[in-house]
1. Do you know which residues across region 102-120 are surrounded by fewer than 15 Cβ atoms within 10 Å (Cβ to Cβ), in a loop (DSSP other than H, G, I, E, B) and modelled with pLDDT of 95 or more?
2. Here are the criteria: (1) over 17 Å from LEU46 (Cβ atoms); (2) touching a Ser or Thr at 6+ places or on another chain (Cβ under 7 Å); (3) aliphatic (A, V, I, L, M). Tell me which single one ALA75 does not satisfy.
3. Condition check: touching a residue at least 12 places away in the same chain (Cβ under 8 Å) and open to solvent by 40 Å² or more (accessible area, probe 1.4 Å). Does MET272 satisfy that?
4. From THR243, THR237, which residue is under 18 Å from the mean Cα position of the chain (by Cα) and among the polar types (S, T, N, Q)?
5. Just one of LYS55, LYS91 is touching an Asp or Glu at 6+ places or on another chain (Cβ under 8 Å), open to solvent by 30 Å² or more (accessible area, probe 1.4 Å), closer than 30 Å to ASP172 by Cβ and part of a strand (DSSP E or B); which is it?
6. Looking at ASP227, ASP216, which is the one that is surrounded by fewer than 19 Cβ atoms within 10 Å (Cβ to Cβ) and within 14 Å of PRO125 (Cβ to Cβ)?
7. Considering only residues of region 165-185 that are assigned to a strand (DSSP E or B) and among the small types (Gly, Ala, Ser), which is most open to solvent (accessible area, probe 1.4 Å)?
Amino acid sequence: TVSVTATVGVQTAFLGVVGLEEYSVAVTSGATTKEGHGDYVCMLALNRTMSGGLKFRGSRDLSGLDCTVRANSNASSAVVGIGANYVANAKSFCAVGGGQNAGGLNPGLTTCEEMDDPYAKVAPPSVGGCNHTNLTLNPGPHTLNPGVYCGGILVQANANVTMKPGIYVIKDGTFTVRGLATVTGHRVALHLTGANTQLELLGGSNVDIKAPKSGDLAGFAIYQDADSNPGSTSVITGGGSITLEGVLYQPTHKVLLQGNGDINTGAKMSAMVADNFEMSGSGLFMIAPDSNGADLPDITPVVVTPSSLTN
């Protein structure tokens with residue numbers, strides 16, 4: 001509630017004869033806020049100038065009916081569709097710039113202001129010395145513990161990997177899961193840092209990663225340091241079963257979602273913030289903001305309509 005009081009001295013015409021030459025008049029007015037509303041932003045492309053900051057190719061379907069999809073690019077073709085078969089459904093689509101062949105978006109593309117990186121001030125956890133170097137997991141069962149994996153992790157076909165809860169630092173290398181491999185990690189975050197770091201979930205792999213509920217990277221399934229290997233491309237390929245429950249944050253990486261299999265169809269909360277996105281293939285890719293259903297902290301970005309005052 002906002003209250004304003006104004007007071008003014010009024011000169012008297014007749015009361016001066018009794019020594020009262022002025023008296024005060026005060027008026028008080030009050031207003032209360034009408035709360036603004038927020039829309040969850042489940043996909044945000046941060047690149048400010050790129051043509052195709054959001055790119056749709058092939059016939060891949062995007063589904064995010066409770067989410068907004070945004071591109072910060074001011075290019076006339078900030079959002080690009082290639083081909084006539086792609087379908088993308090969300091609560092809304094908007095870009096600072098414009099669209100090219102954007103007819104597959106439902107609803108249609110609108111113009112919006114640039115959105116700040118919602119996680120720019122999240123402090124990454126400290127990184128210690130290497131616990132493992134150039135780890136390769138061959139066919140068969142494996143159990144991993146949180147730690148620093150220098151040179152990355154390569155999960156070969158037919159390996160079956162269980163990741164214990166915690167933060168896995170992928171330093172100076174790639175987290176790669178090849179086809180026919182299985183990786184399961186609940187309350188797990190992958191922290192990508194250093195040179196040559198990126199993510200590769202290849203076709204036919206089965207990956208089920210659910211973010212931590214508390215701690216330094218609560219709510220993040222994937223977290224990339226902004227100055228680590230900028231300009232790289234991380235690849236997520238459908239064809240097996242891919243579920244990343246939580247936030248994927250790769251602010252200076254391209255994220256390529258491809259293949260003919262579905263991605264994130266079992267995730268109640270799945271949001272992605274990256275430099276730019278390309279979606280191709282013929283599978284279904286889902287985004288969703290239900291942190292309560294996922295039992296995760298509510299860290300999905302929100303764009304808020306400003307509050308107003310009512311008397």
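1. PRO107, GLY108, GLU113, GLU114, ASP116, ALA120
2. Unmet for ALA75, out of (1) over 17 Å from LEU46 (Cβ atoms); (2) touching a Ser or Thr at 6+ places or on another chain (Cβ under 7 Å); (3) aliphatic (A, V, I, L, M): (1).
3. So MET272 does not fit the description; no.
4. Exactly one residue qualifies, and that residue is THR243.
5. Being touching an Asp or Glu at 6+ places or on another chain (Cβ under 8 Å), open to solvent by 30 Å² or more (accessible area, probe 1.4 Å), closer than 30 Å to ASP172 by Cβ and part of a strand (DSSP E or B) holds for just one of LYS55, LYS91, which is LYS55.
6. ASP216
7. Here the residue is GLY166.
Residues checked against (1) within 21 Å of the chain's Cα centre (by Cα); (2) at pLDDT below 95; (3) aromatic (Phe, Trp, Tyr); (4) over 24 Å from GLY283 (Cα atoms):
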| site | (1), (2), (3), (4) |
| --- | --- |
| HIS132 | no, no, no, yes |
| THR143 | no, no, no, yes |
| PRO146 | no, no, no, yes |
| VAL155 | no, no, no, no |
| LEU190 | yes, no, no, yes |
| GLU200 | yes, no, no, no |
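The values are calculated or read from the model by the stated rules, or taken from the named source; none is laboratory data. Treat the numbers as computed from the prediction; the structure is a model and nothing was measured. FYI the Cβ positions are ideal-geometry reconstructions off the backbone, even for glycines, and counts take in every protein chain you see. SASA here: full protein model, heavy atoms, side chains in, ligands and nucleic acids out. Shrake-Rupley method; radii C 1.70, N 1.55, O 1.52, S 1.80 Å.
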